[in-house]
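Below: one structure, written as structure tokens.
The values are calculated or read from the model by the stated rules, or taken from the named source; none is laboratory data. Bear in mind that the values here come from a model prediction, so they are computed numbers and not experimental data. Note that we place each Cβ from the backbone using ideal geometry, even for glycine, and neighbour counts take in every protein chain shown.
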Ligand SMILES: [Zn+2]
């Protein structure tokens with residue numbers, strides 16, 4: 001199970017839990033139903049029942065990690081669905097066709113009709129910047145337009161804050177990169193107390 005967890009992390013959520021804080025456990029915490037899988041953000045643990053086959057386990061891990069990645073919600077809403085569909089795309093890309101189909105099927109069970117409103121577009125925009133920090137504003141917008149079938153002038157009219165959202169996301173990425181560098185420097189110091 002540990003191996004599958006590492007594989008799922010590496011393959012589908014490479015940006016998540018880079019410091020290896022999250023754990024996986026098949027032992028239920030006190031007071032929970034025994035036959036439930038869950039993502040517990042407080043203890044940073046994914047609880048997964050034992051006894052699943054390999055493909056089921058993979059689907060399940062992707063489902064639960066998709067919750068873990070979405071920091072504000074344990075629900076199966078748009079943010080979770082987007083993570084799942086990204087994972088499905090990635091699974092398809094590495095030839096795991098059945099896994100990709102299983103993920104898509106899972107998402108369909110929860111599918112709210114996709115509403116392409118400002119909130120959704122700005123979230124997508126942020127994700128795009130995080131995924132691809134070097135892409136300039138025009139590139140990100142033209143990707144969003146083609147992905148969701150929006151004309152450029154319609155985009156500019158409907159999503160007037162897009163530029164601000166883009167700049168803020170860039171700033172976020174910069175800050176996170178800096179924070180990670182500081183953290184890694186500290187860790188190096190800690191493991192090398194004599195230097
Ligand atoms: Zn769930």
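What the table below lists for this structure:
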read-out	value
Residues satisfying the stated conditions in region 70-85, i.e. surrounded by fewer than 20 Cβ atoms within 10 Å (Cβ to Cβ) and over 18 Å from residue 119 (Cβ atoms)	74
Test: residue in region 54-76 that is within 27 Å of residue 156 (Cβ to Cβ), more than 14 Å from the ligand (Cβ to nearest atom) and under 18 Å from the mean Cα position of the chain (by Cα)	no
Residue that is surrounded by the fewest Cβ atoms within 10 Å (Cβ to Cβ), among those in region 52-69 that are farther than 14 Å from residue 99 by Cβ and touching a strand residue (DSSP E or B) at 6+ places or on another chain (Cβ under 9 Å)	68
Within region 146-161, tally of residues that are assigned to a helix (DSSP H, G or I) and at pLDDT 90 or above	7
Flag for residue 174 being part of a helix (DSSP H, G or I), free of Cβ contacts under 8 Å to residues at least 12 places away in the same chain and either surrounded by 11 or more Cβ atoms within 10 Å (Cβ to Cβ) or not assigned by TED's automatic domain parsing to the domain that holds residue 128 (or both)	yes
Residue match in region 128-136 (condition: more than 21 Å from the chain's Cα centre (by Cα) and either modelled with pLDDT under 95 or under 22 Å from residue 17 (Cα atoms) (or both))	yes
